[in-house]
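Q: To start, I am sharing the structure in question, which I have written as structure tokens.
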Amino acid sequence: MQRRSRTAVLAAASLLLAAGCSAGGAPAASGGSSAAAGGGPGAAGPASPGASASAAVPPAKGSVRVTGVLATGLKSPWGVAVLPGGDLLVGERDTGKIVRVAARGGKVTELGSVPGVAPGGEGGLLGLAVPSTFGADHQVYAYFTTASDNRIARMVYDEKRAPGNQLGAPNTIFKGIPEGRIHNGGRIAFGPDKMLYAGTGETGDKQLAQDKKSPAGKILRMTPDGEPVHGNPEADSVVYTYGHRNVEGLAWDRDQRLWASEFGQDTWDELNLIEPGRNYGWPEVEGRSKGGSSPAGFVDPVVQWKPADASPSGIAYAKGSIWMAALRGERLWRIPLHGTKPVAAPQAFLTGEYGRLRTVVAADDGALWLVTSNTDGRGKPRKGDDRILRLTVS
Ligand SMILES: [Ca+2]
């Protein structure tokens, strides 16, 4: 597994070939993990030259520097949305509260609680998003677990009202996503097309992932009003991709490609490149298809990890790389990309230093906000948990 010197000197293209035919060999930047299992997708060759002339290729090795702690003492933080101007909205999974955290100084102001949130297991108040029209409509979107389902609602945020009383009544735009103790998905984000995307989970009922009539185990694409988008893979359906186990990370790269993280069961976690209408394999396949071919057209992950090293929740795109927050793995993964292909093996940062990592989001200036998850019932909270860190990365 110790192939550090070798991987360091290989050119990107040959490294991809090497990574594609052998597991392991990913050097870890801190903490000594070495179990990332390679980059190249099974069915594709090297990145086509000129596919993205505008994209500067990030270096094989990056860096992470923690430049500050923005906030401490958050209880089970999960969803984060960046407001115009840079302040953060943060949702607490188990309390149902949404707070605003000032990007300068970290002052925390409570907006209020989302009515109807029924926390339990992995459910509760999950993803948050604000549309590009926020400056005019002041809408905040939330994905949350109720007693009967997971749903997406929007609320007007009136910052002129008293703290704790700033959220209007929820207007449910999409409901009926199955809920469970586990695998509720929950990440939502507005895409470059101004449509709302949601990563869902199969709630432990595996077959739902392959059932295109169920919104469980899917990535969904809907209008800001919760309607199917014209041009979705199937008419009158919000289903965008299927065959997912539990998607808690969504991010777009500079060329507007959608990437998603996914929890594996006990073999492989995944980073997937999302293409509309495709089947990502679960539960027929976990990680790459065996033998290098994809039966029934399953899409192989671009990168896969052992769950002990990852168990990924949020992802972000910055400085040419996908950054992936790992819960069980307690580290931040960097996956440097040239187009649709990694230019090097994934690199791990902060391993074990801050505990479980839930969410990572890009700030406008290229920095990252990183949110810990040690108060979620599965971690070992330390003084100050949970916290939001500011990172400078390359
Ligand atoms: Ca898969």
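Bear in mind these aren't lab numbers, they're just calculated from the coordinates by the rules spelled out. For clarity, every value in this text was computed on a predicted model and none was experimentally measured. Here the Cβ positions follow ideal geometry from the backbone for every residue, glycine too, while neighbour counts run over all protein chains shown.
Q: Can you work out ³J(HN,Hα) from phi for every residue in the range 233-250, in order, using Karplus 6.51 cos²θ - 1.76 cosθ + 1.60 and θ = phi - 60°, giving whole Hz and x for Gly and Pro?
A: Each residue of the range 233-250 in turn: x, 10, 4, 6, 9, 8, 5, 9, 9, 9, x, 9, 8, 6, 9, 10, x, 9 Hz.
Q: Give me, ordered by chain and number, the residues 5 or more places off Val303 or on other chains with an amide H under 5 Å from its own placed amide H.
A: Distant-sequence amide H within range of Val303: Leu271.
Q: Now a separate question. Just tell me which lysines come within less than 22 Å, Cα to Cα, of Lys319; anything on the same chain fewer than 8 places away is out.
A: Candidates past the 8-residue exclusion: Lys61, Lys341.
Q: Also, quick follow-up: If the viscosity is 1.002 mPa s and the temperature 20 °C, what translational diffusion coefficient in µm²/s does Stokes-Einstein give for the range 23-393 when Rh comes from Kirkwood over Cα pairs?
A: 106
Q: Give the peptides 314-326, 93-105, 206-218 in descending order of average Cβ contacts within 10 Å, highest first.
A: 314-326, 206-218, 93-105
Q: Near Pro215, within a Cβ-to-Cβ distance under 12 Å, what is the net charge of the other residues, with Lys and Arg +1 and Asp and Glu -1?
A: The answer is +2.
Q: By the scheme Lys and Arg +1, Asp and Glu -1, what is the net charge of all other residues having a beta-carbon under 10 Å from that of Ile98?
A: For residues surrounding Ile98, the net value is 0.
Q: Relative contact order of the range 23-393: what whole-number percent is it, with Cα pairs under 8 angstrom and at least 6 residues apart?
A: Dividing the mean separation by the residue count of the range 23-393 yields 18 percent.
Q: Within the range 137-262, how many Lys pairs that are eight or more residues apart, or on different chains, come under 26 Å at the alpha-carbon?
A: Close lysine pairs under the 26 Å cut-off: 9.
Q: Report the local net charge at Phe174: Lys and Arg +1, Asp and Glu -1, summed over other residues whose C-beta lies under 13 Å from its C-beta.
A: For residues surrounding Phe174, the net value is +2.
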